[in-house]
1. Check whether at least one residue in segment 213-220 is among the acidic types (Asp, Glu) and either under 20 Å from residue 320 (Cα atoms) or modelled with pLDDT under 70 (or both), and report yes or no.
2. I want to confirm something. Restricting to segment 1-44 and keeping residues that are among the small types (Gly, Ala, Ser) and modelled with pLDDT of 75 or more, which single residue is surrounded by the fewest Cβ atoms within 10 Å (Cβ to Cβ)?
3. Of everything in segment 426-439 that's buried (at least 16 other Cβ atoms within 10 Å of the Cβ) and under 27 Å from residue 413 (Cα atoms), which residue is modelled with the lowest pLDDT?
4. Mind listing just one residue for me: the one in segment 90-134 that is over 18 Å from residue 56 (Cβ atoms) and aromatic (Phe, Trp, Tyr) and, of those, farthest from the chain's Cα centre (by Cα)?
5. Please indicate, with yes or no, whether at least one residue in segment 375-388 is at pLDDT 85 or above and surrounded by fewer than 13 Cβ atoms within 10 Å (Cβ to Cβ).
6. Can you confirm whether residue 157 is modelled with pLDDT of 85 or more, in a helix (DSSP H, G or I) and closer than 13 Å to residue 44 by Cβ?
7. Given the residues 309, 350, which is the only one that is in the same structural domain as residue 242 (by TED's automatic domain parsing), at pLDDT below 90 and surrounded by fewer than 22 Cβ atoms within 10 Å (Cβ to Cβ)?
8. Considering (1) part of a helix (DSSP H, G or I); (2) modelled with pLDDT under 75; (3) buried (at least 19 other Cβ atoms within 10 Å of the Cβ); (4) in contact with a Lys or Arg (Cβ under 9 Å, 6 or more places away or on another chain), say which one residue 208 fails and leave the rest.
Amino acid sequence: MNRIIKNSIFNVIYTFLNIAFPLITSMYISRVLQPAGVGTVAYAQTIASYFVSFACAGMGIYALREMAKAREDPERRSKVFTELFLINAATTMFALIVYVVMVLSVERFRTDLVLFFCTGLLIVFQFLNIDWLYQGLEHYGYITARSFVVKVLSLVAIIFFVRNENDYIIYALISSLAIGGNSIFNIINARKYVKFSKNISIKPHLVSIIFIAIVTYLADLYSKIDITMLGVITTKENVGYYTYAHKIIEFIILLCVAVSTVLMPRLSLLYETNKEKFEKLVDMGIKVLVFITLPVFFGVMLLSEQAVEVLYGESFLPAVPTVRILALMILIKPLANLLCYQLMISTGNEKKRLPAFIAAVIINIGLNSFLIPMMQQNGAAIASVISELVVNLIQILVIIKIVKISFVNKTLLKSVIAAAVMIPVVVITSHLSDNAFIQLAVAAVSGVIVYFLVGILLKNELITLVFSTVRSKLKKGD
């Protein structure tokens, strides 16, 4: 349990870096590039991301699982690494060729050729993306340190080189190179843990990878088709509003998910060795996620206007209703990551995810076609929330037949009560000043304090566990 807590802390720090630096970057970029410039780059990055998803071929989660199983055997670890690396190289090369042909063939893309080549670098660097090696080995400390260095360098480059609305191509290039920096560090450091093996067999991986790749691609399709369709049907400004509204929610979800992501290697191992501990770990994961997501959801709903103004400026205020719609994702996606993603993969049921994502893609495209012309970015947000709900309900109906899951217990009820007490406090404190930053800061801090105080009074199991862990660490230190 101590290792899980340690990895959770590192992963939360890592995820915080993934939130803090892009957040700071977006605050700067929104004021320099304005909604139209943000929308232009976001659209190009979305097009490139479809090919990145294909190049990835579902490699991340499958490779993490396989590396977790092989981590205690250096020879097997190197063999698995070589096999997966070569598969990734082949899919990346194919995706890159198709992307280049498409960009050169479509007139709309040719008019901004340099931009699409800059965003296309994301596909090139996918070839070197081996985060799954370090996650499978549970080396979250290295991942955190590497991420910090690369993000500092990229932030400095953006502030130094992106100075006006015409620098959107430079911004796209630096964003792509930042991804490349992570990958280069990974490859150099990998020599400590693996080496290329000659005795390899690609075939055993293909069936699972193909199914995971299809599901992953469908998931990316339904989660990104909104920006693509917004770009086709509406304006660059609407794409900009939606992109940064989505970014706020994405930042929050990443932080919430970070707590449970580190469970994946352990879940894969325990499912094969100790079902009782497996179910206890799942139960703890649900409690933690509900404890975190409930207050965050209500906070975003109540403080979205202040958050948008502080982060992106008044020119992005049309994104406020979009943020409130997308806030429902905070309640859905973190729990779905554990129950519909990690559990389905760790129990070897990845193939059963396919029908859910086929349904989600069809629903999302249909809803976007109907809602975007009427409601622009808000229509895309509604379509995304409904699609997310559908895809995860279908998967939950599958997983509850495989794993014993409890959604109602005293710990969850105590979290609900604490959140209910927090709401009026946030509403009142958010009106104590006319300054948006002060409103946001005072209301957020007050809400957090009240939420934890109520949790302590109710003797919430999670808060008690944290306090006991800290006390035991301090005693050891003495």
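The values are calculated or read from the model by the stated rules, or taken from the named source; none is laboratory data. In this text the structure is predicted, and so the values were computed from the model without any measurement. Glycine also receives a Cβ, built like all others from the backbone with ideal geometry; neighbour counts cover every protein chain displayed.
1. Initially, segment 213-220 is screened for residues among the acidic types (Asp, Glu), giving 220.
Among the residues that remain, those that are also either under 20 Å from residue 320 (Cα atoms) or modelled with pLDDT under 70 (or both) are: none.
Scanning segment 213-220 turns up no residue that is among the acidic types (Asp, Glu) and either under 20 Å from residue 320 (Cα atoms) or modelled with pLDDT under 70 (or both).
2. 36
3. Here is the first cut: in segment 426-439, the ones buried (at least 16 other Cβ atoms within 10 Å of the Cβ) are 426, 429-430, 436, 439.
Next cut, under 27 Å from residue 413 (Cα atoms) only: 426, 429-430.
Working: 426: 89, 429: 88, 430: 85.
Step by step, filter segment 426-439, then rank; the result is 430.
4. So, considering only residues that are over 18 Å from residue 56 (Cβ atoms) and aromatic (Phe, Trp, Tyr), the one farthest from the chain's Cα centre (by Cα) is 109.
5. no
6. no
7. Working: 350 fails: surrounded by fewer than 22 Cβ atoms within 10 Å (Cβ to Cβ).
Checking each option against the conditions leaves just 309.
8. That leaves (3) as the condition not met.
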